[in-house]
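**Q** The structure is given below, and queries will be raised subsequently.
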Amino acid sequence: MEVSIGKTMGRRCLVVLIALGSVLGFSFGTAKAAEDGYSIRTQVRDQVRTTDGKADNQPLPGVEITVTDASGEIVGVGITDADGVVIVSVPSRADYTVSLNEETLPAGKKLDARTTAVQKILTDSFITKTKVVTYFTGESQTVSQSGFERVAQRVSDGIRLGLILAMCSVGLSLIFGTTGLTNFAHGEMVTFGGIATFVFNVTGLTFLGSLSFIPGIHPDGTFHIFWAAPLGIILGGAFGWALNKRIFGPLRRRGVGLLTQMVLTVGLSIALRNFFLSRFEGRTRPFSDFSLQRSWDLGPVNITPRDFVVSILSLLILVVTALGLRFTRLGKATRAVSDNPDLASATGIDSEKVIRLVWIIGGALAAAGGVFRGLDEQVSFDMGGRLLFLLFAGITLGGLGSAFGALVGGFVVGVMVEVSSLVVPTELKSAPALLVLILVLLLRPQGILGRAQRVG
């Protein structure tokens, strides 16, 4: 019997991985075949300081930029526009040299001591179809921040991270609350959302180029982030549905223990992470939209418009999720199944339907977290795995099985991680959050909003 279950489990895992490979593998394969549409975007900035003492980079127009290939042949020559930018199209992804003509710099301007007039571009540096090269004039100036400004900036960064962690933690907590399963592959569900969005936004699906008549869809099959992000989130929900449909649903019906299922999630996490590594490679890559933006000065806090919008959208998603759990029939059914599955079934609630929808919602929320994290810190094959223990810290702090607790706990952990970097090395900034996790388990195992009977 155990052998039969093991074989079935293996087959269902293989089905899910093959389906995943057909989506991502094909996408990367078709994109790599297209070697056109590349360009080098050169920008020239003058480092100045405003009257209030803050640093500011002003564009420098009229500067000549020359791009040559590996053989020394000139590929293109351009003059920076009013925004200090010139874009030179290149025939393919290859090695190039970008040269700035210092004689064309405005009178009294010279390159920063750390900036050279000639910059080399290697083939591998084309992580998107546009390679950005920046020249600075003037003297680099380090802005001294007061203690209050440093704390305010870290709190701002922590709020943004906390909102993303809260969003991912809610999905993880819902799955645990309704099924009792500790899903160690949830981090890879976060990564899946980021990579799926990257495929639509940067890599492109050539066969979808026929939809270029729709605004935001380009002839090469790439999508603007406003299209790519929702598609990535939808695929994340579908991925959650597939995991439940092909793996964990059948295992529950067969009566396979939670410990066995948890071990399976560990193996699934390792398999997915290595699959992402093989297809996506090890370097981080940005989305093609909103990757370079000037920060807004909001009092003591600096934030880019992209990060501001990400924070607002994260908050909106969390509010909608909280209201849905509180007032909708699905939310009430989910809370009922989490509290007592047998009693919920006895009252007419279809527990399997609720669990299926929870997996879809959990996958979509995880994918949304991956998209927003990718906008914040770029996309990588292990972006979700690096957040996993912070997610566990969040749901433990908030209360095991409590979706509202996960929301609060994830937010608190995010703020704590960023603020702790003021007193500990950056490499250890996650340690205080994990220390709090240990203290919570010792002093209040049920967490902030959890109930004692949930533990054990």
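The values are calculated or read from the model by the stated rules, or taken from the named source; none is laboratory data. Keep in mind that this is a model prediction, so the values were computed, not measured. Please note: Cβ atoms are built from the backbone with ideal geometry, for glycine as well, and neighbour counts cover all protein chains shown.
**Q** Would you pick out the residues in the stretch 261-277 that are more than 18 Å from the chain's Cα centre (by Cα) and surrounded by 13 or more Cβ atoms within 10 Å (Cβ to Cβ)?
**A** If the condition is that a residue be more than 18 Å from the chain's Cα centre (by Cα) and surrounded by 13 or more Cβ atoms within 10 Å (Cβ to Cβ), then Gln261, Met262, Leu264, Thr265, Val266, Gly267, Leu268, Ile270, Ala271 are the ones that fit.
**Q** Looking at the stretch 353-389 only, could you name the residues that are farther than 14 Å from Gly410 by Cβ and without any contact (Cβ under 8 Å) to a residue 60 or more places away in the chain?
**A** Residues satisfying the conditions are Lys353, Leu357.
**Q** For the stretch 160-214, how many residues are touching a strand residue (DSSP E or B) at 6+ places or on another chain (Cβ under 8 Å), hydrophobic (A, V, I, L, M, F, W, C) and buried (at least 24 other Cβ atoms within 10 Å of the Cβ)?
**A** Number satisfying all stated conditions: 3.
**Q** In the stretch 320-351, how many residues are surrounded by 14 or more Cβ atoms within 10 Å (Cβ to Cβ) and aromatic (Phe, Trp, Tyr)?
**A** Of the residues in that region, 0 qualify.
**Q** Which of the numbered conditions does Val256 fail, given that it passes all the others? Conditions: (1) touching a Ser or Thr at 6+ places or on another chain (Cβ under 6 Å); (2) hydrophobic (A, V, I, L, M, F, W, C); (3) not in a helix (DSSP H, G or I).
**A** Looking at each condition in turn, Val256 falls short on (1).
**Q** Could you please tell me which pairs satisfy a Cβ distance under 6 Å, a separation of 6+ or placement on different chains, a first residue in the stretch 322-345 that is in contact (Cβ under 8 Å) with a residue 60 or more places away in the chain, and a second residue that is outside any helix (DSSP H, G or I)?
**A** Matching pairs, first to second residue: Ser338/Gly401.
To keep it simple, each residue is scored yes or no on (1) over 30 Å from Asp124 (Cβ atoms); (2) of a type in the set (S, T, N, Q).
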residue	(1), (2)
Phe275	no, no
Arg283	no, no
Val301	yes, no
Arg306	no, no
Ser311	yes, yes
Gly324	yes, no
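**Q** Taking the condition without any contact (Cβ under 8 Å) to a residue 24 or more places away in the chain and at negative phi, does Ser420 pass?
**A** So Ser420 fits the description; yes.
**Q** All but one of (1) of a type outside the set (D, E, K, R); (2) modelled with pLDDT of 90 or more; (3) outside the structural domain of Thr123 (by TED's automatic domain parsing) hold for Ile74; which doesn't?
**A** For Ile74, the exception is condition (3).
**Q** Does the stretch 390-405 hold any residues that are at negative phi, small (Gly, Ala, Ser) and modelled with pLDDT under 85, and which are they?
**A** Within the stretch 390-405, Gly398, Ser402, Ala403, Gly405 meet the criteria.
**Q** So if I check each of Leu243, Leu174, Leu163, which one is under 27 Å from Glu281 (Cα atoms), in the same structural domain as Val301 (by TED's automatic domain parsing) and part of a helix (DSSP H, G or I)?
**A** Leu243
**Q** If you don't mind, another one. If I go through the stretch 354-406 residue by residue, how many of them are of a type in the set (Gly, Ala, Ser) and within 16 Å of the chain's Cα centre (by Cα)?
**A** 12
**Q** Can you go through Ser210, Ser291 and tell me which one is within 26 Å of Val85 (Cβ to Cβ) and not aliphatic (A, V, I, L, M)?
**A** Ser291
**Q** So Gly209 fits all but one of (1) under 15 Å from Leu243 (Cα atoms); (2) not in a loop (DSSP other than H, G, I, E, B); what number is the exception?
**A** Every condition holds for Gly209 apart from (1).
**Q** Right, next: Being in a helix (DSSP H, G or I) and under 15 Å from Thr321 (Cα atoms) is the filter here, so list the residues in the stretch 392-416 that pass it.
**A** Ala403, Phe404, Gly405, Ala406, Leu407, Val408, Gly410, Phe411
**Q** To continue, here is another question. When the residues of the stretch 118-151 are narrowed to those that are small (Gly, Ala, Ser) and surrounded by 13 or more Cβ atoms within 10 Å (Cβ to Cβ), which ends up modelled with the lowest pLDDT?
**A** Ranking the candidates gives Ser125 first.
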